[in-house]
1. Would you count, across the range 2-196, every pair of lysines whose alpha carbons are under 18 angstrom apart, provided the pair is eight or more residues apart or spans two chains?
2. Treating the beta-carbon of each Lys and Arg as +1 and of each Asp and Glu as -1, no other charges, what is the dipole magnitude of the range 2-196 about its Cα centre, to the nearest 20 debye?
3. Would you tally the net charge around T282, using a Cβ to Cβ cut-off of less than 13 Å, leaving T282 out, and scoring K and R as +1, D and E as -1?
4. Taking Rh as the Kirkwood radius, which is the inverse of the mean 1/r over Cα pairs, what is the Rg/Rh value for the range 361-401?
5. So what's the net charge close to A24: Lys and Arg +1, Asp and Glu -1, counting the other residues with Cβ under 11 Å from its Cβ?
6. If I model a spin label as a point 7 Å beyond the Cα along the Cα-Cβ vector, how far apart are those points for R430 and I248 in nm?
7. Order the peptides 1-13, 350-362 from the highest to the lowest mean number of other Cβ atoms within 10 Å of their residues.
8. For the range 404-478, take N as its residue count and report Rg(C-alpha) divided by 2.2 N^0.38 Å.
Amino acid sequence: MKRIALLGMPNTGKSTLFNRISGASARVGNWPGITVDLLSAKILLGGHIVELIDLPGIYDLHGFSEDEQVVRHFLTHNPVDLLVVLLNSTQIDRQLSLLLQLKKLGFPIVLALNMADEAKRAGITINTESLSTALALPVIQISAKYGDGLPKVLQAATEIINQQQAKTNPQSIALLLQEENEIEHEMQALVQRHVQIPATLNDDTTDKIDKLLLHKWLGLPLFFGAMFILFQLIFTVGAPIQEGLAWILDLFRAQLLDPLFAGTPHWLSGLMLDGIYNGVATVAAFVPIIILFFLVMSMVEDSGYLSRAAFLMDAIMAKMGLDGRSFVMMLMGFGCNVPAIMGTRIMRSRAIRLLTMLVIPLSLCSARLQVFIFIIAALFAPKHAALALFALYVMSFFTMFLTAVLFQNQYKNTEPFILELPPYRFPTFRQIVLRGSHEVKHFLNRASKFIILGVMLVWFLSNFPSTAAPASLDTYAGKIGLFFAPLLDPIGINHELAIALIFGFVAKEIVVGALAVIYGLQGDALMAQMASQIDWVQAMSFMLFTLIYTPCLSTIATIRNESKSTAFMWLSIAWSLALAWIVSFVFYQSARYLGF
Ligand SMILES: Nc1nc2c(ncn2[C@@H]2O[C@H](COP(=O)(O)OP(=O)(O)OP(=O)(O)O)[C@@H](O)[C@H]2O)c(=O)[nH]1
Ligand SMILES: [Mg+2]
């Protein structure tokens, strides 16, 4: 099978083009370093099936951050038939060097000058025909985001692929190092001859917005204010939808499923309804919130505001041994910890990478958000609900900062921090939908993998041995709860909650499903039952523990893979468990001491 790879500097739109061509939903964002691993898709090109590969961005071929190594490794070990090199048209005067390097290595290349729309607005004109002649390869201006110029790229690619016989193996990359100066000169000459760049760029909207958003005093308050409003929005819009859906699913059971299973053996209806249906339905009710959450995340990621956040927070983060990029990874962790941990690959220094990886699992990911929304709705008065959730977000930041401060001497960072600020961009409707659907698929995939099995196991543990009353202390679940009681009593966690916590270790998506199964209830009835058994202090302690202890097995596996150290993985687990217990203990005991 023929193979085409997309290559270019970070944030030039490779994944956008990849999605356009293949119909895939690779993650796109206005931040250099969104893609950190290879992604491939099969496409039909000129009657052949071709493998298309989306690569992480690289600044040049000698880079030694992990994502750059991924690219270099790929290029040296996997013959490609064609490279589609993407450059940002508005930065062609700086990015052309990468193309020249690749050309020197002898790859067949189609050059796609992306972001034609932005180049036009900035008044940059590129003579693609003369540039194409000078470079002796096809040069096409495109706009991957809006789809302009794609047919031409595909046509040029087809022609090259059809002509070729064998795959090309690149020459030694090391050879290139000596030719650096030459490339620099060649680039300048090409730009002078074929590109017109106005003395001052016309596109100054970004500068104007930045005057305000990067303001010395206003910048940070504006940023946190904006984040607060967004999360508030998700909560106020999402919570009623979730409750409505839970109500419908409840009704469905009462009207349809209960009568349907009325004649079946007790264990069967128990497993199917109290086990699987209650567990899955309780989780399913959260799908709209998850969609909403990722829509908002995708807009923030695509706007370019993340890079500003990195810039604004850099000085503060440096005091904790981290930098602006760590902060952005922490924010990405609010969506899901796994890609955030992988995103640290753009960091070159191992020390700061490890420190950032230690911190990320403490960020309040969407799976934990689900647990909190549920518990808060059950145990807090509506007027306190938003405050409780906000407190958890503050706590999430606090524990991250605390962890960084405590461990910064173990992981000393020496890497200077340089970050380019991309222009502000609006996501298109298409991009939002693509991202939203991707996240929903991801959520359902995880949910179906963990939840059905998880809730079945929880149901079994809390209903057997059959002589015991369901969910009582005589069941297996009760016994497990009793076993952990000496540890969990001092933080106000009873044996029902303990089981949910144990299963939450696998994935937080299980927690509410497990609660539904343990109590044998769902929707309002479940909430009422929980409210009668625990008070808000216990609930808060439970949420703090859930927030801080290890997020899920996938995160652990990712930490292991990215750090390439089992010891570091255990450190991460042990630290988060210890910190969770200490924070819950301090909170619970002080609240009780104060008479709550
Ligand atoms: N204006 C404009 N923006 C674009 C275009 N193509 C992509 N973008 C935006 O550029 C940003 C980066 O796009 P990505 O596709 O994530 O870039 P990438 O090259 O895959 O980036 P990395 O994976 O980080 O190397 C996103 O905000 C896109 O919406 C385009 O043609 N015009
Ligand atoms: Mg990408």
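FYI, it's all coordinate maths here, none of it is from the lab. Treat the numbers as computed from the prediction; the structure is a model and nothing was measured. A quick note on method: Cβ atoms are made from the backbone with ideal geometry, for glycine too, and the neighbour counts reach across all protein chains shown.
1. 9
2. 560 debye
3. Details: positive: R253; negative: E243, D250, D274, E509, D524.
Here the charged neighbours net out to -4.
4. On the way: Rg = 10.4 Å, Rh = 10.5 Å.
Value, to two decimals: 0.99.
5. Net charge around A24: +2.
6. Distance between the two pseudo-spin positions: 3.0 nm.
7. Working: 1-13: 21.5, 350-362: 24.6.
The most tightly packed comes first, giving 350-362, 1-13.
8. Working it through for the range 404-478, the quotient is 2.14.
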